[in-house]
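To start, the structure itself, in structure tokens.
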Amino acid sequence: MDRLFERTKTIKYFKLDKMWDFCTDENNVGIDEKWYEKFPEKNEKMLVPSCWNTTIGYFRYMGVAWYRTYFETSTENIWLKFEAVANECTVYIDGKRIGYHYGCFTEFGFENLNIGAGVHEIIVRVDNKINLADTIPHILTDWYNSRNIAMLTNGS
């Protein structure tokens, strides 16, 4: 949701809401094959923010999927903020792991990322599997998550 007032004049702020490259990883081979360094050529587009379970062909898909996009910054230091990812994710910028998050419907981020000015690739590995122990929604619920991933960045 956009604010009715300016956030600040000293911090550049931009959203990464757009079409991202997307591919599922049914056999969970992406980490071993280093998809975070070389994203698969066979991929499609997925809107971010969104829930892949609301996309034709992925309604019942529970498991691992990968997202990729590019962004440009004129500053060396950024703050990467996620509005939500269900249920867990690992984030990579330019092939380097910058962080991990577990939990659904919670905002989180990574601060003071000294990545340098220029164009950067961001790749996010998402696992939306639910279980009987510690996920929301619980495996016995009758609804899917409304948002698998939502993201924006702040440059400072």
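The values are calculated or read from the model by the stated rules, or taken from the named source; none is laboratory data. Given the structure is predicted, the values throughout are model-derived calculations rather than measurements. Here the Cβ is made from the backbone with ideal geometry for all residues, glycine too, and neighbour counts use every protein chain on show. For the accessible areas, the whole protein counts, side chains as well, though only heavy atoms, and no ligand, DNA or RNA atoms are used. Shrake-Rupley method; radii C 1.70, N 1.55, O 1.52, S 1.80 Å.
See the values below:
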| read-out | value |
| --- | --- |
| In segment 97-109, the residues that are within 15 Å of Trp79 (Cβ to Cβ) and either open to solvent by 30 Å² or more (accessible area, probe 1.4 Å) or polar (S, T, N, Q) (or both) | Ile98, His101, Glu107, Gly109 |
| Meets criteria (closer than 20 Å to Met46 by Cβ and either open to solvent by 10 Å² or more (accessible area, probe 1.4 Å) or at pLDDT below 90 (or both)) for Tyr92 | yes |
| Leading residue by the ranking (nearest to Glu44 (Cα to Cα)) among those in segment 55-74 that are in contact with a Lys or Arg (Cβ under 9 Å, 6 or more places away or on another chain) and of a type in the set (Gly, Ala, Ser) | Ala65 |
| Test: residue in segment 121-129 that is exposed (fewer than 14 other Cβ atoms within 10 Å of the Cβ), outside any strand (DSSP E or B) and at pLDDT below 85 | yes |
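Residue-wise test of (1) open to solvent by less than 30 Å² (accessible area, probe 1.4 Å); (2) aliphatic (A, V, I, L, M); (3) at pLDDT 95 or above.
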| site | (1), (2), (3) |
| --- | --- |
| Lys12 | no, no, no |
| Trp20 | yes, no, yes |
| Asn28 | no, no, yes |
| Asn43 | no, no, yes |
| Cys51 | yes, no, no |
| Thr55 | no, no, no |
| Phe59 | no, no, no |
| Ala65 | yes, yes, yes |
